[in-house]
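Data block below; observations after.
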């Protein structure tokens, strides 16, 4: 099979135990990207993906950010799907007494209500510094600018995150994706989108090929649909069971350069 595009998740998939790209992965991806597009697809904001594109020499290729909520080609949005601002405001009001950390994202904007352990951890992981602005002020700003949120990250005590999840499920379960990556984290996105729906859109509007022509690597719940939907869906060994079950191939773990090792095998490359 002559595959035409490679898509790869980042965290848990492409990065090593230090949450950076290994030299081996960089070399193999650079080799592949000279022959066909290598597209990063992540829950991250675009700014938290560009330094990885720089390292891999793939800045000329698209980015799929926010689990498919934003697709950029040549730095310009060709698809943008946000959480409506009334939902953001309802969540802010519900959270008033609990005061969980709510990070609000739109394209390359990242607002945090304060600098705390939650924002510090995300800044370390993504190498991007947020802007401090209260949730209420961000909502007021976005009302004037007619914007919604590409992503909300709720972080706090497990029992409070449970309450937020239940509130959103009860009131907006048909409108939101809720990803619980750990007990103290809840990632919130518009339910209309997914990584796979963004892949399908990019293929139709930009590349003119089919999902069966693609390879996709992933590890987490938000990768299930794309790993299942492309021609060659590959799970790293550390992936969730749900991803492992739908993958056509299981490779080495992300910390063992699983993506690079699969690419060597699939494209019969010399190991460099």
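Brief remarks on what is shown
- Residue match in the stretch 64-78 (condition: part of a helix (DSSP H, G or I), in contact (Cβ under 8 Å) with a residue 60 or more places away in the chain, out of contact with any helix residue (DSSP H, G or I) (no Cβ under 8 Å at 6 or more places or on another chain) and under 20 Å from residue 191 (Cα atoms)): yes
- Filtered residue count, the stretch 58-82, keeping only those that are buried (at least 22 other Cβ atoms within 10 Å of the Cβ) and at positive phi: 3
- Test: residue in the stretch 126-135 that is in a helix (DSSP H, G or I), at pLDDT below 95 and either surrounded by fewer than 20 Cβ atoms within 10 Å (Cβ to Cβ) or not assigned by TED's automatic domain parsing to the domain that holds residue 223 (or both): yes
- Test for residue 104: is it without any contact (Cβ under 8 Å) to a residue 40 or more places away in the chain and either within 23 Å of residue 8 (Cβ to Cβ) or not in a loop (DSSP other than H, G, I, E, B) (or both): no
- Candidate set from the stretch 44-57 (those that are in contact with a helix residue (DSSP H, G or I) (Cβ under 8 Å, 6 or more places away or on another chain) and crowded, with 20+ Cβ neighbours inside 10 Å); member that is farthest from residue 155 (Cα to Cα): 56
- In summary, helices (runs of 4 or more DSSP H) completely within the stretch 179-259 and bearing 3 or more residues that are buried (at least 23 other Cβ atoms within 10 Å of the Cβ) and in contact (Cβ under 8 Å) with a residue 60 or more places away in the chain occur at 195-202.
- Looking only at residues in the stretch 260-272 that are outside any helix (DSSP H, G or I) and touching a residue at least 12 places away in the same chain (Cβ under 8 Å), the one that is farthest from residue 5 (Cα to Cα) is 272.
- Qualifying residue in the stretch 167-175 (condition: over 20 Å from residue 221 (Cβ atoms), in contact with a strand residue (DSSP E or B) (Cβ under 7 Å, 6 or more places away or on another chain) and outside any strand (DSSP E or B)): no
The values are calculated or read from the model by the stated rules, or taken from the named source; none is laboratory data. Here the structure is a predicted model, which is why all the values come from computation and not from measurement. A quick note on method: Cβ atoms are made from the backbone with ideal geometry, for glycine too, and the neighbour counts reach across all protein chains shown.
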